[in-house]
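Working notes for the structure below.
The values are calculated or read from the model by the stated rules, or taken from the named source; none is laboratory data. Computed from a predicted structure; not experimentally measured. Note: ideal-geometry Cβ built from the backbone for every residue, glycine included; neighbour counts use all protein chains shown.
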Amino acid sequence: MTLILNLETATETCSASLSENGKLLAIKENIDGQQHARLLTVFIDELFKETGFSIKQLNAVAVSKGPGSYTGLRIGISAAKGIAYAADIPLIAVSTLQALTHGVLNNPNIIIENESWLCPMIDARRMEVYTAFYDTQNQLKKDISAEIIDEQSFKDILKVRKVLFFGNGAEKCKENIQFPNAFFIDHVICSARDMIGLSYAAWQNKDFVDVAYFEPLYLKDFVATVPRNLLG
């Protein structure tokens, strides 16, 4: 038995799942945003109570490594590191964008042609997104980057193949990316459910990260902002 706790906090979704041998046992998540610090440990506790397992029985803990929200990533990774250290188990880091793609590829309601590429997008404010391109085997075809979207974005790729855009950053890009080969999938969120297959594969391959030194993939430096209602 391989029991893995999966934590996803890179976007507005706070999500935790418990999996056994790559299969979902239970999941808890909230999509309202700004509640990760309050909810994550509660969700973890509820997962163990619901399934009857304990932290001592975990084989590994997996965390979404980004890119995404600076604060969200820090909350998830701090929790994952604390559990991994206390339980003396491996830490697994899962790409947020690859997990998003994994969810789309395994959705039976979405038909994807073999030659298509998939482009997950995470909102990075204004017209910027964190993104990458994957093929139908979930293999990286264009490196993860922060991109400012305009009418010419990804023109060369869209000339030669169909691309499926999705994620919380894709909605704002619809008006700019107006190519016949561009297709948008709505309501695709980051979820700890979609980490399960990737975290189990990492476990089988012993693909672990160092608990002490691992850092999330931020892509950009943290910039503190003040909410508009607090501005003088």
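For ILE92, the criteria (1) assigned to a helix (DSSP H, G or I); (2) hydrophobic (A, V, I, L, M, F, W, C); (3) touching a residue at least 60 places away in the same chain (Cβ under 8 Å) hold in every case but one, which is (1).
When the stretch 129-187 is filtered for residues that are of a type in the set (D, E, K, R) and assigned to a loop (DSSP other than H, G, I, E, B), the ones remaining, listed by number, are ASP135, ASP150, GLU151, ARG161, LYS162, LYS174, GLU175, ASP186.
The residues of the stretch 117-141 that are surrounded by 22 or more Cβ atoms within 10 Å (Cβ to Cβ) and of a type in the set (Val, Ile, Thr), listed by number, are ILE122, VAL129, THR131. Checking each residue in the stretch 152-203 for being surrounded by fewer than 18 Cβ atoms within 10 Å (Cβ to Cβ), of a type in the set (S, T, N, Q) and in contact (Cβ under 8 Å) with a residue 24 or more places away in the chain picks out ASN176, GLN178.
Assess whether VAL63 counts as being assigned to a strand (DSSP E or B), on the phi < 0 side of the Ramachandran plot and at pLDDT 95 or above. Here the answer is yes, as VAL63 does meet what is asked. Scanning the stretch 8-41 for residues that are in contact (Cβ under 8 Å) with a residue 60 or more places away in the chain, in contact with a Phe, Trp or Tyr (Cβ under 6 Å, 6 or more places away or on another chain) and crowded, with 17+ Cβ neighbours inside 10 Å returns a single hit, ALA16. The residue of the stretch 42-60 that is surrounded by the fewest Cβ atoms within 10 Å (Cβ to Cβ), among those that are aliphatic (A, V, I, L, M) and not in a helix (DSSP H, G or I), is LEU58. Of all residues in the stretch 56-71, those that are within 16 Å of PHE214 (Cα to Cα) have Cβ atoms under 6 Å from Cβ atoms of residues that are surrounded by fewer than 22 Cβ atoms within 10 Å (Cβ to Cβ) and β-branched (Val, Ile, Thr), 6 or more apart or on another chain, in ALA60/ILE89; VAL61/ILE83. Among the residues making up the stretch 84-116, a single one is hydroxyl-bearing (Ser, Thr, Tyr), buried (at least 20 other Cβ atoms within 10 Å of the Cβ) and more than 10 Å from MET195 (Cβ to Cβ): THR101.
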